[in-house]
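Enquirer: One structure, pasted below without further comment.
The values are calculated or read from the model by the stated rules, or taken from the named source; none is laboratory data. Here the structure is a predicted model, which means the values were calculated and not measured. Note: ideal-geometry Cβ built from the backbone for every residue, glycine included; neighbour counts use all protein chains shown.
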Amino acid sequence: MHSIIKLGQAVFMFVVFAQMSCLMGCERSSLDNYKKAVQSGRNQIHVAQEMEAIFPGQVQNFIGHSPGTLPKWNSEILLHERYVLTMQVDIQVNRGFSVVTEVVGEPKFYLWEVLSVDDGRSSRIGQNWSFGLEEWAKIVAASGDFSAIGIQLRDDQPVDGFQEMYKSVRNEREPP
């Protein structure tokens, strides 16, 4: 059974909350410090570097944070105008929220298929998968081919409105 997710609204609310929490709760850090932290993470998080190497120019990196939890690193890729791949891992940052100081735990990967975009703000989600570093290593060895872990991506069936919806989501997520 497929679920309908108000993806654009949900992601927008998460991003606004994450950025507000970060800007208010992380030692009143500035947007410049946030950008420095993202750059620091790109330089330090090996899996984020692998994602960029396999899918050059397609990765969006951002940090989410909710009160009472560790900041969470996110690297996201849009594939074949139909799939969203997200890697998440908890991180530690310095007091000024400008440097990623430590990766905490192992990254987790989430891949979901978008079946349709209903109104430019919501989408119908099909299959979804989650996997860890062992499976990711197989994908890396196969130069980004997900069939290495038994996932057959439909690369010839783009979803109408997919690029526009995610462009909007990503623009809302990017700090000015």
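Enquirer: Within region 76-85, is even one residue under 30 Å from ASN33 (Cα atoms), surrounded by 13 or more Cβ atoms within 10 Å (Cβ to Cβ) and in contact with a Lys or Arg (Cβ under 9 Å, 6 or more places away or on another chain)?
Expert: Yes, the conditions are met somewhere in region 76-85.
Enquirer: Is region 57-66 home to any residue that is modelled with pLDDT of 95 or more and out of contact with any helix residue (DSSP H, G or I) (no Cβ under 9 Å at 6 or more places or on another chain)?
Expert: No: zero hits.
Enquirer: Every residue in region 116-155 that is part of a helix (DSSP H, G or I) and either touching a strand residue (DSSP E or B) at 6+ places or on another chain (Cβ under 6 Å) or surrounded by 14 or more Cβ atoms within 10 Å (Cβ to Cβ) (or both), please.
Expert: LEU133, GLU135, TRP136, ALA137, LYS138, ILE139, VAL140, PHE146, ALA148, ILE149
Enquirer: OK, next. Only one residue in GLU113, GLU27, GLU52 is charged (D, E, K, R) and either touching a Cys at 6+ places or on another chain (Cβ under 8 Å) or modelled with pLDDT under 95 (or both), so which one is that?
Expert: When all the criteria are applied, what remains is GLU27.
Yes/no per residue for (1) touching a residue at least 12 places away in the same chain (Cβ under 8 Å); (2) at negative phi; (3) in contact with a helix residue (DSSP H, G or I) (Cβ under 9 Å, 6 or more places away or on another chain):
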{"residue": "GLY105", "(1), (2), (3)": "yes, no, no"}
{"residue": "GLU113", "(1), (2), (3)": "yes, yes, no"}
{"residue": "SER122", "(1), (2), (3)": "yes, yes, yes"}
{"residue": "ASN128", "(1), (2), (3)": "yes, yes, no"}
